1. Of the conditions (1) open to solvent by 70 Å² or more (accessible area, probe 1.4 Å); (2) assigned to a loop (DSSP other than H, G, I, E, B); (3) without any contact (Cβ under 8 Å) to a residue 60 or more places away in the chain; (4) not aromatic (F, W, Y), K150 satisfies every one except a single condition; which number is it?
2. If you go through segment 160-190 one residue at a time, how many are assigned to a helix (DSSP H, G or I) and either among the hydroxyl-bearing types (S, T, Y) or out of contact with any Gly (no Cβ under 8 Å at 6 or more places or on another chain) (or both)?
3. Against the conditions (1) outside any loop (DSSP other than H, G, I, E, B); (2) closer than 27 Å to P160 by Cβ, where does S131 fall short? Just the number, please.
4. Can you find, within segment 80-101, the residue that is least open to solvent (accessible area, probe 1.4 Å) among those that are in a helix (DSSP H, G or I) and of a type in the set (A, V, I, L, M)?
5. With the condition kept exactly as written, say whether any residue in segment 27-41 is in contact with a Lys or Arg (Cβ under 6 Å, 6 or more places away or on another chain), at pLDDT below 80 and in a loop (DSSP other than H, G, I, E, B).
6. Among the numbered conditions (1) open to solvent by less than 70 Å² (accessible area, probe 1.4 Å); (2) on the phi > 0 side of the Ramachandran plot; (3) over 19 Å from the mean Cα position of the chain (by Cα), tell me where D130 comes up short.
7. Within segment 161-218, take every residue that is out of contact with any Leu (no Cβ under 8 Å at 6 or more places or on another chain) and acidic (D, E) and give me the one that is most open to solvent (accessible area, probe 1.4 Å).
Amino acid sequence: MLVAPAFLSLSTIQAVARTNARCITTTRCTQNAAASAGFNPKRHSDELRAWLTKHGALDTDWPIKIRAERYVEGSPRPTEANKKLIHFQRHGQGYHNLIYVLMAEQGNAVEDIYDTDPKKNPFVRPELVDSPLTSLGREQCLAKRELAQKLNPELIVVSPLHRAIQTAQLTFADCLGDVRFVAHDLCREELGLLVCNKRRPLSETIREFPHVEFSLTS
C-alpha cells in the first residue's frame, strides 16, 4: 500500500483487506528537518490522537478486525488467503518540506505547524496547496525504482495528493499499465489547517494522472 503520510486510517486498511490483492510500496524517505527545527513529535502525536478520538476514529468497535505482524526481510511471503503483505512508502521531498528545511537552516525554524501566521508557518500559505515533489524528491523516488520492480505488486493504493501520486508513478514506473493504481481519500495526511495537505480540485488531478483510478475519491 502506498501512502503519503505516516498515518494510515484503519478504515483504509479494512477496505484493502477486503480485496484479493497484495498491496505494495517501498521504503520510507527520511526527513531530518524535524530534529533541526525543534518540532515536537510527541505533542503533534497527542494532538492528532485527541482529534481522532473526538471524531470517533479511535476506540471504536470495527466490524473487521485487523491483526498486523512485522514482516522480516527474507521470511517466506504469506500464502493464506486472509493475509496480505503490505509495504509502506513515504513520499519524496515536497516543496513544503524544502521550505521547512531552508527556514531551519536560516535560523528561522518553524516552531509550531499549527500557527496560523504564514510568516511563522509557511504550511498555511496558499501557494503551497497540494505541494508537489521537488527535483530531489523525484530523485529519491527514482532511486527506489529498481527495488520496487522486484516487489512484484498486485495493487498500489495512493493518497490523492499530487506528491503521493508522483511518488508512486516514479517509483513504480515499471508497473504502469499492468498494476492498478487506486487513489483513496483515507490515505491522505490529516486534514484541517495545513494548506500543503489540502487537495487540488479532483478534476485537475484526474486530468494530470490518467493512469490512476479515482472511484474511491470524493
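The values are calculated or read from the model by the stated rules, or taken from the named source; none is laboratory data. Here the structure is a predicted model, which means the values were calculated and not measured. Backbone-built Cβ (ideal geometry, glycine too); neighbour counts: all protein chains shown. Protein only, heavy atoms only, side chains kept; ligands, DNA and RNA dropped before computing areas. Shrake-Rupley method; radii C 1.70, N 1.55, O 1.52, S 1.80 Å.
1. K150 satisfies all of (1) open to solvent by 70 Å² or more (accessible area, probe 1.4 Å); (2) assigned to a loop (DSSP other than H, G, I, E, B); (3) without any contact (Cβ under 8 Å) to a residue 60 or more places away in the chain; (4) not aromatic (F, W, Y) except (2).
2. If we filter segment 160-190 for residues that are assigned to a helix (DSSP H, G or I), which is where we start, we get 162-171, 173-175, 185-187.
Cutting the leftovers down to either among the hydroxyl-bearing types (S, T, Y) or out of contact with any Gly (no Cβ under 8 Å at 6 or more places or on another chain) (or both) gives us 162, 164-165, 167-169, 171, 173-175, 185-187.
Of the residues in segment 160-190, 13 are assigned to a helix (DSSP H, G or I) and either among the hydroxyl-bearing types (S, T, Y) or out of contact with any Gly (no Cβ under 8 Å at 6 or more places or on another chain) (or both).
3. It is condition (1) that S131 fails.
4. Here is the first cut: in segment 80-101, the ones in a helix (DSSP H, G or I) are 95-101.
Restricting the remaining residues to those that are of a type in the set (A, V, I, L, M) gives 98-99, 101.
Values: L98: 54, I99: 55, V101: 37 Å².
Going through the qualifying residues, I end up with V101.
5. Filtering segment 27-41 for residues in contact with a Lys or Arg (Cβ under 6 Å, 6 or more places away or on another chain) gives 28-29.
Still in the running and at pLDDT below 80: 28-29.
Checking the rest, the ones that are also in a loop (DSSP other than H, G, I, E, B) come to 28-29.
Within segment 27-41, one or more residues are in contact with a Lys or Arg (Cβ under 6 Å, 6 or more places away or on another chain), at pLDDT below 80 and in a loop (DSSP other than H, G, I, E, B).
6. Unmet condition: (3).
7. Only one residue fits best here, namely D178.
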